[in-house]
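To keep things clear, I will list the structure first and then write my remarks on it.
Read-outs: derived from the displayed coordinates by stated rules, not from any lab. As the structure is a prediction and not an experimental result, all values here were calculated from the model. Neighbour counts run over all protein chains shown; Cβ positions are idealised from the backbone, glycine included.
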Amino acid sequence: MIIKQSLLKLEKSFDALDNALLKQAKGNALQANLSQDIDLLVQDRSQLASQLDDAKAKIDSLQNINQLVEKGIDAIMGELTQMLDTSAGD
């Protein structure tokens, strides 16, 4: 009888150990998945930051070109106004 009870206790202990090992394995798998997800998020963030930097550089370049064109147009308009004033005075 004592041996039977001891065997039952031992079996329950093994079951508890199996359950604990399964939980630990599931936890390790979740942690590995989370690590992979975090790595992907970091990569995405890096790519987005690079794309944002490229877009900002392109915007800056277009703004500079826009300013040059605007100055050219202003200069031409000034010359045209001068020419019109001169021809109107004749």
Which of Lys12, Lys58, Lys23 moves most in a GNM of the chain, Cα contacts under 10 Å? Lys12
Extension reserve of the Leu7-Glu70 stretch, reckoned as 0.36 nm per residue once the Cα distance is removed: 13.4 nm
With all pairs of different alpha carbon atoms counted, what Kirkwood hydrodynamic radius in Å does the range 50-90 show? 12.4
With angles folded into 0 to 90 degrees, how steeply does helix 2-89 sit against the dominant principal axis of the chain? Use alpha carbons for both and round to 10. 0
Run a plain Debye calculation on the chain (Cα atoms as equal point scatterers, no solvent) and give log10 I(q)/I(0) at q = 0.11, 0.15, 0.18, 0.21 Å⁻¹, rounded to two decimals, same order as the q list. -0.70, -0.84, -0.93, -1.01
Nearby lysines by direct alpha-carbon distance to Lys26 (threshold 23 angstrom, same-chain neighbours under 8 apart not counted): Lys12
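Counting Lys and Arg as +1 and Asp and Glu as -1, each charge on the Cβ, what is the dipole of the chain about the Cα centre in debye, to the nearest 20?
Working: 9 positive and 14 negative charges, 285 e Å.
Roughly 1360 debye for the chain.
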Quick one: check the C-alpha center-to-center distance for the range 58-75 versus the range 42-57, whole angstrom. 25
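Would you mind classifying the range 15-56 by shape? Square roots of the alpha carbon gyration tensor eigenvalues, ordered a ≥ b ≥ c; an a/c under 1.5 is rounded, otherwise it is prolate if a/b is larger than b/c and oblate if not.
Numbers: a/c = 11.05, a/b = 10.05, b/c = 1.10.
Judged from the Cα gyration tensor, the range 15-56 comes out prolate (a/c at least 1.5, a/b above b/c).
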